[in-house]
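Following: one structure in structure tokens, then a few remarks.
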Amino acid sequence: MTIRSLLPGRIGFGTAPLGNMFRAIPDEEAAATVRAAWDQGIRYFDTAPLYGAGLADKPREEYVLSTKVGRVILDEVEAPASRRLGEKGALFEHGRPNRIVNDYSADATLRSVEDSLKRLRTDRLDIVWVHDIAQDFYGDDWLAMYESARTGAFRALTRLREEGVIKAWGLGVNKVEPLELTLDLDEPRPDAFLLAGRYTLLDHSRALQRLLPAAAERDVDIVVGGPYSSGILAGGNHYEYAEAPAGIVEKVSRIKALAQEHGIGIKSAALQFVLAHPAVAAAIPGATRPSRIAEDLGALTENGPYAFWALRDQKIIAHDAPVPVREAS
């Protein structure tokens, strides 16, 4: 199946920032943000054991839920700042102190699914992503971790899908290489991928060349995480989960100038660019404040002129990247 028939719309809610990414998020603020998403019609929520303790208590039949496997969360505690998360080492230093074990085996996958059901206080999951089996978290060991997932998590999730326990599974990563490898497998066959940060206004060339066409050919849908490139395309200072380098800041300034000239918000440009590719089923921007939800929904529908996409002529985006509006005939 493709997950387009499963997803309730083209925009969902990514909960990674609510896992105390960058800063400690008060529980009240997190709850208010999830409530705002719900009240404004968001019905797809993506979470993970790494991000925290759960989701708002809403009627289960009214929303689509995805979570992740690959990390087992234990009751014993550790210092969050001491965790080994590869390039993202300090990303969740404000996170919950439960000890995290990286394990992509079949047994750990089944345990993680069971634990997530309890943690989320739900009786079922719709989509399960195999989380972060890529270079940014495991460096030179990433292929060994990938092989563990291929023979463990991939097969376990395939069985759960066949048994009707879950509806779909795939990989959730920040790099294109694990997804390209998976598309080349004869089996197991995923339903979709969650790709964060690699198909955005600022970074899309690699995914555009091979991954997205191959995924479309195989009916493997793409859900785009991080459409605002960790915040730099939404007025923030972060790119790739760190302070944005000077070259990125300069590129964003050029995009902003064009956006202002043509009367379109940069968030609108970023979100609509992502969704313009036919392989992309949905995007899941994250938020930590209720006001951000209305901004995202407004960005989804704001009309922008075709002339703005002279970004292609100025080599700010790839010349063959699909854009949201067509030139007037």
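What follows is calculated from the coordinates using simple rules that are stated; it is not laboratory data. Model, not experiment: these values are computed from the prediction. With ideal geometry, Cβ positions are generated from the backbone for all residues, glycine too; neighbour counts draw on all protein chains shown.
Just a few scattered comments:
- Total charge dipole magnitude, the chain, about the Cα centre, Cβ charges on Lys, Arg, Asp, Glu only, Debye to nearest 20: 440
- Converting the Cα gyration tensor eigenvalues of the stretch 180-329 into ellipsoid dimensions via √(5λ) gives semi-axes, longest first, of 25, 18, 15 Å.
- Bridge type composition, the stretch 186-329 - antiparallel percent by DSSP, nearest 5: 20
- Look at the dipole of the chain built from charges on Cβ: of 213, 109, 74, the Cα furthest out on the positive end belongs to 213.
- Radius of gyration and maximum dimension Dmax of the chain, Cα, Å: 19.0, 64
- Once exposed loop GluC sites (Glu not before Pro) are cut out (DSSP; at most 10 other Cβ, 10 Å), longest piece of the chain: 164-326
- Taking each of 58/267; 175/256; 68/256; 68/267; 118/167; 175/251 in turn, the alpha-carbon distance tops 23 angstrom for 58/267; 175/256; 68/256; 68/267.
- Simple Cβ-charge dipole of the stretch 183-273, Lys/Arg +1 and Asp/Glu -1, about Cα centre, in debye nearest 20: 420
- Modelled label positions at residue 28 and residue 181, each set 7 Å beyond Cα in the direction of Cβ, lie 4.6 nm from each other.
- Total formal charge among the other residues, if their Cβ is under 12 angstrom from that of residue 42, Lys/Arg +1 and Asp/Glu -1: +1
- Full-extension gain in nm, residue 189 to residue 218, via 0.36 nm per residue minus C-alpha separation: 9.5 nm
- Label-point separation, residue 155 to residue 209 (7 Å along Cα→Cβ), nm: 3.4
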